[in-house]
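A quick write-up on the structure given underneath.
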Amino acid sequence: MITITNVIIGIVALLIGTLVTYILIQRSLRGKSNNIIKDAQAEAEVIKKDKILQAKEKFLQLKAEHEKQINSRNSKIVVAENRIKQKESTINQKNEELARKKHEVESIKENLNVQMDLLEKKNTELSKAVHKQREQLEEISGLSAEDAKQQLIASLKDEAETEAISYINERMDEAKMSANMEAKKVVIKTIQRVATETAIENAVTIFHIESDEMKGRIIGREGRNIRALEAATGIEIVVDDTPEAIVLSGFDPVRREIARLALHQLVTDGRIHPARIEEVVKKVSKQIEEEIIETGKRTAIDLGIHGLHPELIRLIGKMKYRSSYGQNLLQHAKETANLCSIMASELGLNTKKAKRAGLLHDIGKVPDDEPELPHAILGMKLAERYKEKADVCNAIGAHHDEVEMTSLIAPLVQACDAISGARPGARREVVESYIKRLKDLENLAQSYEGVTKSYAIQAGRELRVIVGSDKINDTDAEKISYDIAKKIQDEMTYPGQVKITVIRETRSVSYAK
């Protein structure tokens, strides 16, 4: 019993101890939580006060900045108002000044009207006095005023012509001194660096055959084969007594080449009849067209020119079968392109554009339709149509002065075209026209008074004129040289340039006996 009682007492004591401990712990925790809350409230109060102070400072700062901006704007407004007031004041002053000047102008105008009236009266009186004096002078001199005027004009005209010619010669000499050496150096270097083979084209092509028996087969029964061939090619075929040869005559080199190749295939094959002739001519025409395009491409590649329109390439290829004064047109275009490139490099210009313009400058000579336009203008229009650059188009159109030169490469193309065409042996003329041109040069010089003899030398590139020393003085010799040069430019057609040299000399002859 005692043990159970002790256990119960122990349990009760343990419970009471536990309860007391719990109560004490609760009181302790409640005290701590109250302290934490008080501390948090105190800290929150501090943070609140800090935030309020920061907000007040921020507000004051923003207020100060706002007031500063307002003051700045107000100052600007004040400055603008002052400027407006100054401008208004200036405008008012100007208006007053204009009104004053207007009044002064009106006063001056009135004075001028008065003075003009006085001048008219004085002019009338002066005219009367001059007329009276002129009558007196005419009576004294025995010459009318018109005669005296004509004499004065004639004397002044002669004096002015002499001075003008002397002035022109002086300016030309000065220009030659400064530019002639450099130009010669550029041109000589260019010509020396380009050496091309000159091809002479004729209006006929000789087709050789192995025997004269083939002529009969080419002619055919009652001439049907030769008629079919002429109709298909547009070329006149002359079969005469020339041994082992047939003459193909026509102005178009492309047609002559088609006829030659067609004849070659027909003779090689042996089948010659109208149907076969038409078939072969069509085939050869297609081959020639392909060869033309291939020639154009090869030429552009050889010269390093890229981006050409296919039609321009075809026109370049057609140049192979064209000639100008006997000079092969493609050879001339390639030579001009190389000359342009070299001269452009010497002068510091764009060599690619210069070479391109030099190659294309004569494409107006080979179009299919050939309208009634100068070839330079036509070439320029073709280049514009196929999207060439403006300076290249201008160089093409201006190389014979049909249009105004607007690019630096235009005079280069003109000069190189003249160099290529004027080289000795580059071109040929019909003998009769060549002789006629030389005679016309001499006759033109002989038409001037005081000229005793004239000689066209150096294939017509120089005209030497001998004048009588008793009839022509040195000034007149200069005038004759200038007049002959201008007349040749206006009236004659010639390649390159013609140098006119007037020779005046005095010879004294005596005989010792």
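The values are calculated or read from the model by the stated rules, or taken from the named source; none is laboratory data. This structure is a prediction, so every number in the text was calculated from the model and none was measured. No Cβ is skipped: glycine too gets one built from the backbone with ideal geometry, and neighbour counts run over all protein chains shown. Areas reflect the complete protein model, heavy atoms only, side chains present, ligands, DNA and RNA absent. Shrake-Rupley method; radii C 1.70, N 1.55, O 1.52, S 1.80 Å.
A few notes on this one:
- Too-long pairs where the Cα-Cα distance tops 29 Å, listed order kept, from LYS101/LYS128; LYS320/LYS352; LYS436/LYS499: LYS101/LYS128
- Cβ-defined net charge surrounding SER249, 9 Å radius [Lys, Arg +1; Asp, Glu -1]: 0
- In order along the stretch 231-236, the Karplus-derived 3J(HN,Hα) couplings, from 6.51 cos²θ - 1.76 cosθ + 1.60 at θ = phi - 60°, round to 5, 6, 9, x, 10, 7 Hz, and Gly and Pro are given as x.
- Here the Karplus curve 6.51 cos²θ - 1.76 cosθ + 1.60, taken at θ = phi - 60°, turns the phi angles of the stretch 256-273 into couplings of 5, 5, 4, 5, 5, 5, 5, 4, 4, 5, 5, 5, 5, 6, x, 8, 10, 7 Hz, with x standing for Gly and Pro.
- Amide proton proximity set for SER469, modelled H, under 5 Å, gap of 5+: GLU505
- R0 of 41 Å, Cβ-Cβ distance SER469-LYS436: FRET efficiency to nearest 0.05: 0.85
- Distant-in-sequence amide H partners of LYS499 (H built 1.01 Å from N, under 5 Å): GLU462, LEU463
- Simple spin-label estimate for LEU373 and GLU462 gives 4.2 nm between the two label positions (7 Å along the Cα-to-Cβ direction from each Cα).
- Sulfur and carbon atoms: percent of accessible area, the stretch 258-331 [1.4 Å]: 52
- Taking each residue as 0.36 nm, the span from GLN133 to HIS208 lengthens on full extension beyond its C-alpha to C-alpha distance by 17.5 nm.
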